[in-house]
Structure formats: C-alpha cells, structure tokens
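First the structure, in the form of structure tokens, and then the observations on it.
What follows is calculated from the coordinates using simple rules that are stated; it is not laboratory data. Source: prediction; values computed, not measured. Glycine gets a Cβ as well: all are built from the backbone with ideal geometry, and neighbour counts include every protein chain shown.
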Amino acid sequence: MMYLIGILITIFLVVIIVQIGKVNELTARLRGEKQAAQDGNDWNAKLMLLFMVAFLVGSVWSAIYYKDYMLGYGPNLLASEHAVGIQFAFNITLFFTGIVFVITQILLFVFSYMYRYREDRKAEFISHDNKLEIVWTAIPAFVMALLVVLGLVEWNKSMADVGENEKPVGYVSLEESDREDTYLEIEATGKQFGWILRHPGKDGKLGEKDYTLIDDATNELGLVFDDPKNIDDIVISDELVLPVGQKIRARITSRDVLHNFDIPHFYVKMDAIPGIPTHFVFTPTMTTESYRDHLSQFPEWNVPADPDDPEGPKRWEAFEYELACAELCGKGHYSMRRIVRVVTLEEYNEWLTKNEEKSFYLTNVRGKLGDPFINKKLSIEERIDRRNKEKDAEKKKDDAPAPDAAPSTTPATPETPTTPETNTEGNTLNNSSSSENSNGTTTIGGEVKNIIEKATEEVKKEGEEAKGLIDTPKDGGH
C-alpha cells in the first residue's frame, strides 16, 4: 500500500511541475523573454541557497541520528585490537574531508547565487592567479600526504603476518605473558554457499590439503590424512569459536568462486580467492557475553529482537558476532552468514577438549578403508581414553557406599613418576599417574570393610590402567 501511495505522489508531483512549466511559458510570452529569464535566474539562485542550508543540515542530522547504527560510534563498539587504529585513521580522514566538504558546498551554492546572470553585468576573464594556485595545491597536497602516511602505518599493522618467532598453539595459555609470542591459526574456506571452518587440535597446527582429494561426500576440504597434523583438526560449518585476548591468524581460501571473509565488529575483511590463500591476523578483545552486557545498557537494545514475538528475547540477548561474505558470490549469497562466538580462554580450552574426539579424522576416517594409521595407537585416542576412564573412576568413587567410620589408618599410595611418550602424531604425551587412597577402618564390621577395600582396589586398578602405570620395585629398587 505504501509503495502505491509513493508512486501516486510521484506522478502527482510530475504533473504539477509540468503545469508550472506551462504557466511560466505563457507568462514569459506576456511579459517578454528577457524579464522572464532574469526572474528565473533570481528564483533559481535563491532556491540554491535554500537547498544548500537544507542539504548541510540534513547531512549533519543524519550522521547524528544514525550514529548508533555505525561501528565505532554509539553502542556498537569495536571488538579487536587493530580496529582501534583503523578507527582513529578513519576519524582523522573524516575530520579533514568533512571540512573540505562543507567549504566546497558553501562556495558552490553561494557563488551560484552571487554570480547569477544579470543584464547589467559582464563576466570578468582571469587567466590565472599564481598565489591562489599555490595555496589550493599546497594545502591539499600536505593533507593528502598526512592521510596517506597515516593510512600506510595502519595498513602495515593490520596486514602484518605473525612473526617468525611466534608459535602456533592449540590450547591457549591463561597467562597474558605466555600468549605474547603465540597465535592460534584457524582456516575459513568459502564455497557456494557456506564456510567450512577448521580449528587445530592440541598440536596447534593445521594439516595439509590437496584439491585433487576433494569429495563433497567424504572429504570436502581435500585433507591429506597421511599428514599427522590432520588427525586432530576439528572441521565445523555452523560457527567460528575464538578465545578472547589470543592472537588469531585466519587462513582464508575459496573452493570455487571469489568470496570475502568479513567480520564487521573486528574490522576484519579479506578476499577468499581460489588457489591463492590469503590471511588476516587479529586479536578479539570482547567476548560475546561481555558485548551483550554492554548493549543491555541502551534502551534501543532492550526491545524484542522479533517485533512479532514481544515475549521473546531482547535485541541484546539475541546479539551475535557474525561472519559474512562481502562478495556477491551467487544466488545463495545470503546464506553465507555464520555465527562467530568469542569465549573466555578457559571456555575455549574446554571447547577444544570436548570437540577433540569429534575431529574430522576420528569421525570420518579412523578404522575405515584408507586410514593410514589403521594399526597404530594414536596419542589423541590415548588422551580420550584416559579422560573417559578418569570420568568412570570418578563416577564409581562417587557411587561407592560411604562408611560412617573413623579416620583412615592406611597411608596414601604415592604417585608413580611418568615418562614422556611420543606417538604417531609427533606430539609428546605426559601420562600423569593418579591413584586413589585406600581408607581402612577398625570400627566397622568386616563385611563392610571388605566391600570398601574391594571398591578401592578396583578404582586403583582402573586408574593405573588409564594412566599407563608400571609396577614400581619395592625396597627402593632401580
């Protein structure tokens, strides 16, 4: 209905303008062409001044009104380290270009008014003015040089790759000093129409790929499974999980056409080109939850996210960072959107541990035809088995009947030292031993005592099997 009303109003205005033109034409015939031309110039000059005022006021008003929708202004904070420098360069550019914009617009319309046609005035011919030309060349050149240098500095910072001495990590350190020389490398592969996202496992390294191995049904990235680094790589497609405060190196590529890896809140934007991997290095500074808490302070974010569901979540509760494709890549371009979830360092390590057993290799290749490590025990499997046995031991311990009894009389079993063990993946695995203490008692009945001792022995035995312990010689043997 609104579109129809808009079309009718437009047609009505066109008719009015045409009729005004006809009226002016008739008036000109009655009054004379010269006088009509003079009156027309005067009116146009006055309308230009009016338009200038409305245009400049409208420009300033629209910038203020829509600032809450622009990144870096209002509620929408920037959420990466390098974005602050880019925003500073943008603001400096806006300051100088804004001044030039206002001055040139005023001169354009004021001169149109001042030098409108008059019958009693002749135009003055000026071939050149050296002083004026020097001024209007030198000042813009200086400002342009300043902006270019500032832009190059921020460009070099934003486009810089990780240093040679920086090491890739899987699990991130909780200490800031330990994270200074480390980075987490993730990979985003664009395809029509979605992103294939890959995280490294414990080794912190992404495995090799070969485009000739790509198979949409079994290996959509073309991973080379002979490469041990691929064993613990986690491949997902629904969301990108990142730890806050950790330097991220995004390896970006495409499987078919041009895509663009764009995370607006981080000021991260880079083309994904088939056959030419690109990269972007950035450090998230706000978790998703902390960004939501920030937005919850603003009234405009405390309205329902879905106007048709007043009882549903509010806008700030539904907020998510997003990964978009900023390149028109086909008719399904809109479906390239993915969620980016920024979590705390502890939460990321927990997520990695939980998803390690869901690595692409373990869920799609392990134990099947074509598995290059079919008859070998892998450290990732040992880690998973150890965690599962520890969970079972804890569960049995919690389920065991608790005596009413007196203090323990049996000394705790000392821990057995462990030795590093290297597996097929090239990862060093430190098996830490853990044995439960046997608690004896002299005040309970023999039957209850036997049950407790039996349960304790079972837990101890399973703990030793899970940790790969060996028998320690008695009497201080070596």
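For the reader, a short list of remarks on this structure follows.
- Distance between modelled label sites at SER335 and GLU175, nm, 7 Å Cα→Cβ extension: 4.8
- One chain, two ends: HIS128 and LEU150. Fully extended at 0.36 nm per residue, the span grows by 4.6 nm beyond their Cα-Cα distance.
- Summarising the amide proton neighbourhood of ILE339: residues at separation of 5 or more, or on other chains, whose placed amide H is nearer than 5 Å comprise LEU240, LEU323.
- With 0.36 nm allotted per residue and the present C-alpha distance subtracted, the LEU56-TYR115 stretch has 19.1 nm of extension available.
- Karplus-derived 3J(HN,Hα), 6.51/-1.76/1.60, for each residue of segment 343-356, Hz, glycine and proline x: 10, 5, 4, 5, 5, 5, 4, 5, 4, 5, 4, 5, 8, 4
- Percent of C-alpha pairs per 5 Å bin, segment 228-298, short to long: 3, 13, 17, 22, 21, 12, 7, 4, 1, 0
- A cut-off of 5 Å between modelled amide H atoms, ignoring neighbours fewer than 5 places along the same chain, links TYR183 with LYS167, VAL169.
- In order along segment 264-278, the Karplus-derived 3J(HN,Hα) couplings, from 6.51 cos²θ - 1.76 cosθ + 1.60 at θ = phi - 60°, round to x, 5, 9, 6, 10, 7, 8, 5, 9, 10, x, x, 10, x, 10 Hz, and Gly and Pro are given as x.
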